[in-house]
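These notes are about the structure you will find just below.
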Amino acid sequence: MTYALAVDTRQGSLTFGKEIVIPLTTLEAPPMLACALRAYAKDYKGLHTFAEAWMEKLPKDFERVISVPEKFATEEGLKKIEGGLEKIADLRMVMATQPRLAKHGVKGPELIEVKIGGGSIKEQFEYAKKLIGQESKVADFVKEGQAVDAIGITKGKGIQGPVKRWGIRRKIHKARKTVRQVGSIGGWTPHFVMYSVPRAGQMGFHQRTEYNKLVMKIGNNGAEITPKGGFVKYGIINSDYVAVKGSVPGTRNRLILLRLATRPPPEAESPPPKLDYISVASQQAD
């Protein structure tokens, strides 16, 4: 994270028109690779795979994730999809990350299905078959000033008790047996413990979605936002990046998924704030 100075553009805000400090989270966003088109048919059991068409030559890193044949029959897969368009209920692109471009963390790609929306199935197919084997950048689907939802895995904190996990109050020091547990977990009859009773268990390392993270800046030159000496426990940004307002779930080097906001706030429709200054001061300890 870092911070920036910008003029507040939110109508009705107490600091409207004034310069404010905005916390920023910088996410490195290398281009994603559209490696396959997958078609789904629907019956009484739900969706099931109808056919798929992969790009001819996958990058070598895919061997870390799936068994890669010498050659994919791309044209045969496209013909099968095109011949059964009337049976197809859903078309999705299989997108792959390219972590080697970021030069941090894992080397194997993550595979993600992205639904193709808008238009008829035929129009979606004509659009999607041109994307196979092409790269997609973050600037292709989101612009500065728009809101996005951040999906990620939160920091893991291990097994914790109900005081830390749920925020309950400690009992008095003369409490029988325990001080950091609830007074009662349920009645004797019926002898049943409801799910809502605070109990000890795993805390953190859960998938969570944070809504409406405002996109403040998108760029392809990481040097303009990387602090001197690099980000702590991360390093230097080597590829495209996106800076969002506030924080996102998870630790450094962990995968974050961004999607267009499903419930955008009113300020997302206003002009994007102009960043007057972004801090690139060193974050390393003296």
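The values are calculated or read from the model by the stated rules, or taken from the named source; none is laboratory data. None of the values given here were measured: they were computed from a predicted structure. Positions of Cβ are generated from backbone atoms using ideal geometry, with glycine treated the same way; all protein chains shown enter the neighbour counts.
A few points about this structure:
- Sub-8 Å Cβ pairs linking a first residue in region 252-265 that is under 25 Å from Gly105 (Cα atoms) and in the same structural domain as Gly230 (by TED's automatic domain parsing) to a second residue that is modelled with pLDDT under 90 and among the basic types (Lys, Arg), at least 6 apart or interchain, are Arg252/Lys233; Asn253/Lys233, ordered by first then second residue.
- Looking at region 96-212, the strands (runs of 3 or more DSSP E) lying wholly inside it that each contain 3 or more residues that are within 28 Å of Glu75 (Cβ to Cβ) and at pLDDT below 95 sit at 111-115.
- Positions within region 192-222 being under 19 Å from the mean Cα position of the chain (by Cα), under 20 Å from Gly250 (Cβ atoms) and of a type in the set (A, V, I, L, M), in sequence order: Leu214, Val215, Met216
- Selection from region 122-167 of residues that are among the β-branched types (Val, Ile, Thr), crowded, with 16+ Cβ neighbours inside 10 Å and without any contact (Cβ under 8 Å) to a residue 60 or more places away in the chain: Val163
- Restricting region 4-39 to residues that are of a type in the set (Ser, Thr, Tyr) and surrounded by 13 or more Cβ atoms within 10 Å (Cβ to Cβ), the residue that is farthest from the chain's Cα centre (by Cα): Thr9
- Residue count, region 40-62 (criterion: surrounded by fewer than 18 Cβ atoms within 10 Å (Cβ to Cβ), farther than 27 Å from Ile151 by Cβ and in contact (Cβ under 8 Å) with a residue 24 or more places away in the chain): 2
- Lys80 fulfils the conditions (1) modelled with pLDDT of 90 or more; (2) under 21 Å from the mean Cα position of the chain (by Cα) except for a single criterion, (2).
- Scanning region 213-242 for residues that are in a strand (DSSP E or B) and more than 17 Å from Pro31 (Cα to Cα) yields a count of 6.
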